[in-house]
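The values are calculated or read from the model by the stated rules, or taken from the named source; none is laboratory data. On a predicted model such as this, the values are computed, not experimentally measured, just so you know. Every residue, glycine as well, gets a Cβ built from its backbone with ideal geometry; the counts of neighbours run over all protein chains shown.
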Amino acid sequence: MNRPISGSQTWNGLHNPELEPFEADVTVLGLPFDEAASYRRGAAAAPDRIREISVHVPPTTEEGCSLEHLRVLDLGNLSPEGMNQVDYFKMVEQKAAELFRVTFPTFLGGDHSVTIPLLNAAAGIWGDELGIIHLDAHLDLCAELDGNLLSHGCTHRRILEKNNLPLGQVYFIGIRSFETQELQFLENQQANIYTAAHICREGIAPTAQEVCRGLEKHKAVYLTLDIDFLDPSAAPGTGTPKPGGFSSRDLLLFLRYFAELPLIGLDVVEVSPPLDHSDITSFAAQRAITETWGQLFNCR
């Protein structure tokens, strides 16, 4: 089910296929699954497209810090071919748990449902010590969507239920879309929801600092980035775009703050190359990934 990446210029030469996961600073795993998208698909093509773009991007951060000494192992794609969603997610959860224990895994979705097994794996290791940052236009707190309990709109509902995690351990940032069933679920509950409108009024830096203060008690923090966190003008290639979002500059500023937290993993989901224009969205995803690596590993 796993298609490995051979010795190529993937991640502009940072990928070293000779490494074992426990020897790598960063591992990359593609999850080309988009069968749980409620509207437009295409996110299954994202892992390969982001890799293709990475070949042409220098291994440096935007401020000129070199990534050349970063040990990266790209494990290829974990393919869902021939599997139903439940069985595929079991396989993803098992693989993610293996990676969390030895390296910093970076997962390339896929629609946002793939985060369900990833967070289940993380919660299985860190339990109530786990904090979650959810960068997204949507809450993904639906009980079901289109009859699918594992829809990309149900990600955090399933995580909270299965792992008995308090809602307060999830920080929802950039939200600008609410389903009626989500509003009903949130009644009489305290949730850390920072809408796009709120952030516009209060500022990115104060918001990010407040989130970091809220998460500082957690020993492990997982970051999930739905690319529709960005405004459609900055990320047109996604299945459910929502106007009123953020620029790529805004995103990079948020990531700079969040890299100060004890991050244990990252995913980037909902990039849909078939819906993209001039690879704008895929380039944004690639940059978000490598800038996070640079911040986390203090590349100089």
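If you check Glu93 against the conditions, is it over 26 Å from Pro241 (Cβ atoms), out of contact with any Ser or Thr (no Cβ under 7 Å at 6 or more places or on another chain) and surrounded by 15 or more Cβ atoms within 10 Å (Cβ to Cβ)? Spelling it out, Glu93 is indeed over 26 Å from Pro241 (Cβ atoms), out of contact with any Ser or Thr (no Cβ under 7 Å at 6 or more places or on another chain) and surrounded by 15 or more Cβ atoms within 10 Å (Cβ to Cβ). Within the range 56-89, restricting attention to residues that are surrounded by 13 or more Cβ atoms within 10 Å (Cβ to Cβ) and aliphatic (A, V, I, L, M), the residue that is farthest from Glu18 (Cα to Cα) is Met83.
Residues that are surrounded by 15 or more Cβ atoms within 10 Å (Cβ to Cβ), modelled with pLDDT of 90 or more and over 17 Å from the mean Cα position of the chain (by Cα) within the range 18-53 comprise Leu19, Pro21, Ala24, Asp25, Ile53, listed in sequence order. Looking only at the range 230-241, decide whether some residue is assigned to a helix (DSSP H, G or I), of a type outside the set (A, V, I, L, M) and modelled with pLDDT of 95 or more. No, the range 230-241 contains no residue that is assigned to a helix (DSSP H, G or I), of a type outside the set (A, V, I, L, M) and modelled with pLDDT of 95 or more.
Taking the conditions (1) buried (at least 21 other Cβ atoms within 10 Å of the Cβ); (2) touching a Ser or Thr at 6+ places or on another chain (Cβ under 9 Å) in turn, Val170 satisfies each one other than (2). Among the residues of the range 149-164, those that are under 19 Å from the mean Cα position of the chain (by Cα) and either loosely packed, with under 15 Cβ neighbours inside 10 Å or not in a helix (DSSP H, G or I) (or both) comprise Leu150, Ser151, His152, Gly153, Cys154.
The condition (being closer than 29 Å to Asp231 by Cα and either of a type outside the set (Phe, Trp, Tyr) or in contact (Cβ under 8 Å) with a residue 12 or more places away in the chain (or both)) is satisfied by just one residue among Leu130, Leu99: Leu130. Inspect all residues belonging to the range 90-101 and state whether any of them is farther than 26 Å from Glu23 by Cβ and of a type outside the set (Lys, Arg). Scanning the range 90-101 turns up no residue that is farther than 26 Å from Glu23 by Cβ and of a type outside the set (Lys, Arg). Can you tell me which residue in the range 158-178 is nearest to Arg41 (Cα to Cα), limited to those that are modelled with pLDDT under 90 and in contact with a helix residue (DSSP H, G or I) (Cβ under 9 Å, 6 or more places away or on another chain)? Among them, the one singled out is Ile159.
Selection of the range 115-139 for residues being over 18 Å from Leu263 (Cβ atoms), in contact with an Asp or Glu (Cβ under 6 Å, 6 or more places away or on another chain) and not in a helix (DSSP H, G or I) yields Ala137, Leu139.
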